[in-house]
C-alpha cells in the first residue's frame, strides 16, 4: 500500500473555523478521534540474520512478504502501535475519590488516579508501519509505503519485543476525521501526558485526565493531514490520479490553509 | 481647405502621445489588478492612480488649450488612403457620433459632473455621510464643511476624557474591574493590552479568539470556494514548526 499525503499547520485560532469549513466541504460531521500512539524502535538482536545473501533467487516472494522481510531484517525502522481510545477512557477527575476508587487500580502508580473504565487488557492495537517518504518524487505530494496489521489486545510489549522492537515513548493524538471521496482529512494534534510523572519504560496502564494532557505545540496548534491510500503503488496511473485529487483539495482549501508536501526527513522512520 | 501647418500637426501629435500615455497607465493598472494575487499594496495602487489622474489632467489641459484648432479640424481620407484594407480604421476616423458605449460613459460623467456635492461627498468621507446616505440625499457643501469643522474638536474632547492605554476605561476601573463584562474567558490584565472589548464570538474550544468582523485577508481572485479566513485579533502562530511535530510523531524525538 502506498500513502499520498499533504500537510498543513493550523494555528489554534483557526481550528474551529476550519472544522466548520471542512464540515461544509465534506458534507459530514467531524468524527472525533483519540488515539494512543506508542513508538517502537527496532533494534538488532544479536545473532539475527540481517541480510539474505542470494535472496534474489527467491522469486516466489510476494510484494508484501518482501516488505515484511525488509521491515524485519533489512533496515531498522521506527514503527507505531496505535490504539483507539474514547474520551471516557481517560480519568474523570484529578485526585480520586476514595469511595469510588477501585481496588487494585493503584498498584503501578503512587499518584492518585481518578476513576475510569479504561481496561488496558482490552485495549485493541494496530501496528502501523510507515516507510520513509520516497525521494525525488516528481509530484509535490509526500508518498510512502505503508502497511498496517492488527495486534492482539492488551499488553503488546512482549510480542513487540519478540519481533525486535523496543518501546520508545508514547503520546496521544486527538483530532477529527473527515472523508471526502477518497481523501481522509485528519485535523489533529499531539498531546503529551502530564509532566511530572516519571519516565515510563512501558505503555501506561491508566490514562490521566484528558484535560491535564498538554499539547506538544504549546500554542495548541493543529496539523491538517490529507491522505489517500493507493493499493498498488507501482501503478503510475492511479498514483497520478490520487495526487490530482489531493491537489484538487489543496486548491479548494487554498484560501483557508496551505497544504504542502512534508519535509521528507521529518518523516524519516529509519532507526539510526 | 488649407493644409495643416507644422505647428498644428505638432499639436495633433502631442495629443496622440498624451492619449497613448493615458491608455498605457490605465492598462498597467488593470494588469496589476488582474494579475497580482493578493492585490498589490495600496501604496502602489495609489501611485498608479495618481499617475493616471496626472495623465488625465494633462490630456484635458491639452485638449482645452487647443480647443479652437481641434474643434475646427475635419478628417477626410486622402486619395492614397488604403480604404479597402483599412476600412474599419477609416470608419472610426470618419464617424461623427461617439460609440454608443462611449456615449454612455460620457452621459454618466456629465450627470456626475452636474451634481458636484454627491461626487465630493462620496469621495471625501464615507462615514460622515452615512446618515445622509441613509436619508438618500447627499450633504451639501456647507453641511460637509460644518461636519469637518465640528468633528476634530469633538473627537479631541472625547479623547481627552479618556486615559488611554490599558484594558479598562476610567469609569470601569472606578466601578471595579471585576464587574466589567468583557465576554472573554481569559482574564484581562488591568495595565496593558488593547483597549477594545469586543463581543466574543461563540467559542467552543476554550480558545480566546475574537473575530473582527469585516476585516478579511486579501486573497485576490480566489474568494469563491470558501469564506476567506478572517483576520484574528489574537492570532497565535504555531511555535513549533510542522516538520518538528511530524518528526516527533514519527520517532518520539524532536531532533
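FYI, it's all coordinate maths here, none of it is from the lab. Everything quoted here is computed from the prediction, not taken from an experiment. Heads up, the Cβs are rebuilt from the backbone with ideal geometry, glycines too, and the neighbour counts pull from every protein chain shown.
Please state the shape class of the range B:35-114: rounded when a/c is under 1.5, otherwise prolate if a/b exceeds b/c and oblate if not, all from the C-alpha gyration tensor. Don't skip to the answer; put the middle values down first.
Numbers: a/c = 2.16, a/b = 1.69, b/c = 1.28.
Since a/c reaches 1.5 and a/b is larger than b/c, the shape of the range B:35-114 is classed as prolate.
What's the center-to-center distance, using Cα atoms, between the range B:25-57 and the range A:185-248 in Å?
Using only Cα atoms to place each centre, the spacing works out to 46 Å.
From other protein chains only, count the Cβ atoms within 10 Å of every residue's Cβ in A:252-258, then give the mean.
Details: counts 4, 2, 4, 12, 6, 1, 0.
The shielding value for this peptide is 4.
Rank-order B:23-36, B:73-86, A:119-132 by packing density, defined as the average count of other C-beta atoms within 10 Å over each peptide's residues, highest first.
My ranking of the peptides, most packed first, is A:119-132, B:23-36, B:73-86.
Please compute the Kirkwood hydrodynamic radius of the range A:151-222 from all pairs of different C-alpha atoms, in Å with one decimal.
Numbers: mean 1/r = 0.0682 Å⁻¹.
In the range A:151-222 this quantity evaluates to 14.7 Å.
How long is the gain from residue B:93 to residue B:46 if the chain were fully straight, where each residue apart is worth 0.36 nm and the alpha carbon distance is subtracted? The partial results should precede the final answer.
Numbers: separation 47, 0.36 × 47 = 16.92 nm, distance 3.45 nm.
Result for the pair: 13.5 nm of gain on full extension.
Between residue A:88 and residue A:35, what is the label-point separation in nm under the 7 Å Cα-to-beta-carbon projection?
Modelled inter-label distance: 2.3 nm.
Which distance in nm do the two modelled labels at residue B:16 and residue B:60 give, with both placed 7 Å along the Cα-to-Cβ direction?
Between residue B:16 and residue B:60, the label points sit 2.5 nm apart.
Averaged over its residues, how many other protein chain Cβ atoms are within 10 Å of peptide A:213-224's Cβ atoms?
If you average over the peptide's residues, the count of other-chain Cβ atoms is 4.
Within 10 Å of each Cβ of A:6-14, how many other protein chain Cβ atoms are there on average?
Numbers: counts 0, 4, 1, 7, 2, 8, 9, 14, 7.
Across the residues of A:6-14, the mean count of other-chain Cβ atoms within 10 Å is 6.
Taking R0 as 51 Å, what FRET efficiency do you get between residue A:265 and residue B:178 from their Cβ-Cβ distance, rounded to the nearest 0.05? Before the final figure, lay out each step's value.
Working: r = 52 Å, r/R0 = 1.02.
According to the calculation, E is roughly 0.45.
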